Amino acid sequence: MIKKRFIAGAICPNCQALDTLRWWQQNDVEHIECVECQHLDTRLPQSVQESEQLSSTTKHQVIGIFKPD
């Protein structure tokens, strides 16, 4: 089960509502969602963003990074 946490004092960039953003991480990808307007923002892992081997188009298509145990 994924734990979703609210971000105290955060303002939604879309609807400007206060204290409506919740954050969670799934498959090493960060998600932030506004419960008021359903605005969704995702952030790739830092290793993907800083990679010089991937094109910008490919970086936007990455869903997650598989880490075998």
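The values are calculated or read from the model by the stated rules, or taken from the named source; none is laboratory data. Just so we're clear, the structure is a prediction, and the values are computed from it rather than from any experiment. Cβ atoms come from the backbone with ideal geometry, glycine included; neighbour counts cover every protein chain shown.
Summed over the range 16-37, the residues that are modelled with pLDDT of 90 or more and exposed (fewer than 13 other Cβ atoms within 10 Å of the Cβ) give a count of 2. Applying the set (1) modelled with pLDDT of 85 or more; (2) surrounded by 13 or more Cβ atoms within 10 Å (Cβ to Cβ) to residue 40 leaves exactly one unmet item: (2).
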